[in-house]
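**Student:** Please find one structure pasted underneath; my questions will follow.
The values are calculated or read from the model by the stated rules, or taken from the named source; none is laboratory data. Keep in mind that this is a model prediction, so the values were computed, not measured. For neighbour counting, all protein chains shown are included, and Cβ atoms are generated from backbone atoms with ideal geometry for every residue, glycine included. The protein model used for the area step is the full one, side chains on, heavy atoms only, and it has no ligands, DNA or RNA in it. Shrake-Rupley method; radii C 1.70, N 1.55, O 1.52, S 1.80 Å.
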Amino acid sequence: MTRSDLTIDKTAVIGEDALIGYGVVIGESVRIGDGAWIGHGAVIGDGAMIDEGVVIGDGAVIGDGAMIGYDAWIGHGAVIGDDAEIGDDAEIGDGAWIGYGAVVTPGAIVPTSEFIDALCSIASTLSEKVAP
């Protein structure tokens, strides 16, 4: 992929039909699945894994080593901490912060602007938050 508005490390692998917005930065050894959508100005940290069908909103930040499951939705301006895991079909609201190493289980929903502490686990709803 050659566009002057992007910064993509040469070791990154981007799947077929993935759409990458303007001003995106993709780090070293990142894997982006087929059909993923990465919004304008998003930053994908080194070693992050983005599965097929994932949508990442404008200005979102995905930390180093984070894993985003199939068909998950990451809102505009959301921050996913280093080594965090977002399960398949999970939804992270606009402006939400997911801390280092936190786990959001498949299908869970994190509301807009919510802050999830490092190493926490979120089950199907935010009221089921489990301390580390």
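**Student:** Within 10 Å of the chain's Cα centre (by Cα) and either among the acidic types (Asp, Glu) or farther than 18 Å from Ala123 by Cβ (or both), is that true of Ile56?
**Tutor:** yes
Each row is one residue, and each column tells you yes or no for (1) closer than 17 Å to Gly75 by Cβ; (2) open to solvent by 20 Å² or more (accessible area, probe 1.4 Å); (3) modelled with pLDDT under 95.
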{"residue": "Met1", "(1), (2), (3)": "no, yes, yes"}
{"residue": "Ser4", "(1), (2), (3)": "no, yes, yes"}
{"residue": "Thr7", "(1), (2), (3)": "no, yes, yes"}
{"residue": "Glu16", "(1), (2), (3)": "no, yes, yes"}
{"residue": "Gly21", "(1), (2), (3)": "yes, no, yes"}
{"residue": "Gly33", "(1), (2), (3)": "no, no, yes"}
{"residue": "Ile44", "(1), (2), (3)": "yes, no, no"}
{"residue": "Asp58", "(1), (2), (3)": "yes, yes, no"}
{"residue": "Val61", "(1), (2), (3)": "yes, yes, no"}
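**Student:** Separate question: Test each condition in (1) under 19 Å from Thr11 (Cα atoms); (2) surrounded by 17 or more Cβ atoms within 10 Å (Cβ to Cβ) for Glu28 and report the one that comes out false.
**Tutor:** (2)
**Student:** Provide a single number: the residues in segment 18-32 that are over 12 Å from the mean Cα position of the chain (by Cα), assigned to a loop (DSSP other than H, G, I, E, B) and not hydroxyl-bearing (Ser, Thr, Tyr).
**Tutor:** 6
**Student:** Here are the criteria: (1) open to solvent by 50 Å² or more (accessible area, probe 1.4 Å); (2) touching a Gly at 6+ places or on another chain (Cβ under 9 Å). Tell me which single one Gly69 does not satisfy.
**Tutor:** Every condition holds for Gly69 apart from (1).
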